[in-house]
Amino acid sequence: MSEALEITERVLKAFKYYRCFVFEKHELPTVKDFVVKSELTGLVIIKKVDPKYEDIYILTASIKGFEQECISKVDELLSRGQIPLDQYKKMRNELVEQCITSMEHERVKEIIGKIEKYYQKLRRI
């Protein structure tokens, strides 16, 4: 089995079950190459799991920009009169968090779709 196919299978399985992929530092070049070839650039981020652990990394969905977009959506509910002011004040943060979670879930589905498409392409080679 090729290295590309192996990493693709591992990442796909991890995203389906855990919505992320945890890996060791020595795999970083392979994972970066996978991200580019599977067209995930901009949809995922690679970072250290914790500064205390120099050798453990995570590949996860990028939620950059989601918070501002969700704040705008929640504020729009108020401006259109779809939510009363008192309820808005009580639930604003919760509504923003729910929106972010929903958008992240959709992003993960998009990521899985791209990985599956790349996996099928590798299987044909």
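The values are calculated or read from the model by the stated rules, or taken from the named source; none is laboratory data. As the structure is a prediction and not an experimental result, all values here were calculated from the model. Glycine also receives a Cβ, built like all others from the backbone with ideal geometry; neighbour counts cover every protein chain displayed. Heads up: the accessible areas ignore ligands, DNA and RNA and are worked out on the full protein's heavy atoms, side chains in. Shrake-Rupley method; radii C 1.70, N 1.55, O 1.52, S 1.80 Å.
Quick notes on this one:
- Spin-label model, HIS105 to GLU9: label points 7 Å out along the Cα-to-beta-carbon direction sit 3.1 nm apart.
- The chain, helix-only ellipticity at 222 nm - DSSP H runs n ≥ 4, -39,500 (n - 2.57), divided by all residues, nearest 500: -22000 deg cm²/dmol
- In a fully extended conformation the segment linking LYS89 and VAL36 would gain 14.8 nm over its present Cα-Cα distance, using 0.36 nm per residue.
- The modelled label-to-label distance between GLU97 and LYS117, using points 7 Å beyond Cα along the C-beta direction, is 3.4 nm.
- Here the accessible area of the chain is 52 percent carbon and sulfur, with a 1.4 angstrom probe and all protein chains present.
- Crossing angle, helix 85-124 versus the chain [Cα axis fit, 0-90 degrees, rounded to tens]: 20
- 0 to 90° range, to nearest 10: angle between helix 3-18 axis and the chain longest Cα axis: 30
- Folded to 0 to 90 degrees: helix 66-79 orientation relative to the chain principal axis, Cα: 20
- Per residue accessible area of region 3-124, 1.4 Å probe, in Å²: 66
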